[in-house]
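Report on one structure; see the data block that follows.
The numbers here are math on the coordinates, done by the rules we state, and not lab data. From a predicted model like this one, the values you see are computed outputs, not experimental measurements. Positions of Cβ are generated from backbone atoms using ideal geometry, with glycine treated the same way; all protein chains shown enter the neighbour counts.
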Amino acid sequence: MTDLITPGEARLQAMAAPEGEIAASTKTLVVGPYLAVRAGQGASASARSVEARLDEAVGLAGAIELDVTQSFAVALPRIRPSTYLGKGRVEEIAGLVKAEEIGLVVMDCALSPVQQRNLEKAWGAKVIDRTGLILEIFGRRASTREGTLQVEHAHLAYQKSRLVRSWTHLERQRGGFGFLGGPGETQIEADRRMIQERMTRIERDLDSVSRTRGLHRQSRARVPYPIVALVGYTNAGKSTLFNTLTKAQVLAQDMLFATLDPTARATKLPHGETVILSDTVGFISDLPTSLIAAFRATLEDVIEADILLHVRDVSHGDTEAQAEDVGEVLRELGVGTDAERIIEVWNKADLLDEAERTRLSNLSRQGKGGEAPVLVSALTGEGLDRLSARIEQRIARARSTFAVVLPPEDGAALHWLYENAEVLDRRMEEGGTLHLAIRIAPEKEPRFLNRFPRARHIGGR
């Protein structure tokens, strides 16, 4: 019965529908109101340049095909409670909006409902903040039922406090949870009730989806494979790496948040071990807490993964700050960034000049064995053999290695070993007797020892 919706919910869904055609024809101004960095404000804030932050904001707007005509940064000594910006800046932007016929202003910050409403009145244009923009992108990208429900729930929670506002003819003619619409004044209370009712229904549906996901995990646990999850800043090249390693065709574009819904594929490592590789939504600085909470179920593969590949775009000028932002999100999810299961992958080596490539290559070799980063190019395949070997090495830490001797006629036993273990070495005597070195997962070890009681433990845990 969860698929049946009320007329009120149908209206909410219509209000939440993408408005891409209108957006594409709306002149957009992107403003980066950034506080001056002071000592002690944190590595991420101080390491990221103003230019890079503004470029990222423009990239976010471009991800939903907004017509960005101008963009600039504003240095703020402090935040004004009523308008975020100072009075002079508000008036200056008002003149620009009128002169250039700007229809939408994107503020690369988190605005309170009061600040958003006051700026819209002052400028006579629609205003959205960073959270609203990211929600719009997620709304366009979500394709699975779970992803759509999560985005809608986060969007409804965001809009619930922003119902009291007025704008142009678009608002009076129709409602909208996209940034180019807003509920009419006479609908505010009814909309608020409908929002809460819809959120409650979505929460029930998400609980059902979560239970189904749990059953899938239990099913997978009966035929266990290690989970290797890709995490990283948006546009770091995770999907390209995923496609290269699994021969899949996941959307991989030079675009922020090209991937939203998680994708998992089974793939084999060089010694025959099967792993589940999971591609996930990219992280970003100042990711709204509500979105982290909404996508917690989607990110369960990250939380429960045996190995995390932290993919970094080392060709990006703010790669260190981006890595810190990813670390913050992982900590929000309860994943320690110093965990042994994390492998740092330095991607996009093909975009580096020769000197920088040599420098990073040397740095990657200076780390402690299995702890050193791996320099790769997901696009060209450079370094992927070393990455596969590193994944095998990490998996091996929790596994035992055995020596097995098989008579030449026991083909069934040999087949079992290739199906259930990693065959690391194979030698044959003149008479056909096989000497094997195998590595096996802990959960399969009892069955192995029951079948091969004479196997000799030679390494591992």
Self-check item: D410 versus E429: modelled label distance in nm, points set 7 Å from Cα along the beta carbon direction
Solution: 1.3
Quiz item: Counting DSSP beta bridges in region 337-461, what percent are antiparallel, to the nearest 5?
Solution: 90
Quiz prompt | Label zone at R451, where the point sits 7 Å out along the Cα-to-Cβ direction: region 419-445 residues whose backbone N lies under 13 Å | solution = 419-423, 439-441, 444-445
Quiz item: Ranking L66, L54 by Cβ neighbours within 10 Å, fewest first, what do you get?
Solution: L54, L66
Self-check item: Additional length obtainable on full extension of the chain from E354 to L333, 0.36 nm per residue less Cα span
Solution: 3.8 nm
Quiz item: If you plug each phi of region 198-207 into the Karplus form 6.51 cos²θ - 1.76 cosθ + 1.60 with θ = phi - 60°, what whole-Hz ³J(HN,Hα) values come out, in order, with x for Gly and Pro?
Solution: 5, 4, 5, 5, 4, 4, 5, 4, 5, 4
Quiz item: Calculated FRET efficiency, R192 and E419, Cβ-Cβ r, R0 51 Å, to nearest 0.05?
Solution: 0.30
Exercise. Provide the FRET efficiency to the nearest 0.05 for the A372-D55 pair, computing r from the beta carbons and using R0 = 30 Å.
Key: 0.50
Self-check item: Which of A412, G460, V423, positive extreme of dipole for region 400-460 (C-beta unit charges)
Solution: G460
Quiz prompt | FRET efficiency, 1/(1 + (r/R0)^6) with R0 60 Å, evaluated for D67 and Q393 via beta carbons | solution = 0.75
Practice problem: State the extension gain, in nm to one decimal, for the chain segment bounded by K98 and T212, taking 0.36 nm per residue of separation less the distance between their alpha-carbons. | Solution: 35.8 nm
Quiz item: Where nothing but the Cβ of Lys and Arg (+1) and of Asp and Glu (-1) is charged, how large is the charge dipole of region 308-454 around its Cα centre, in debye to the nearest 20?
Solution: 660
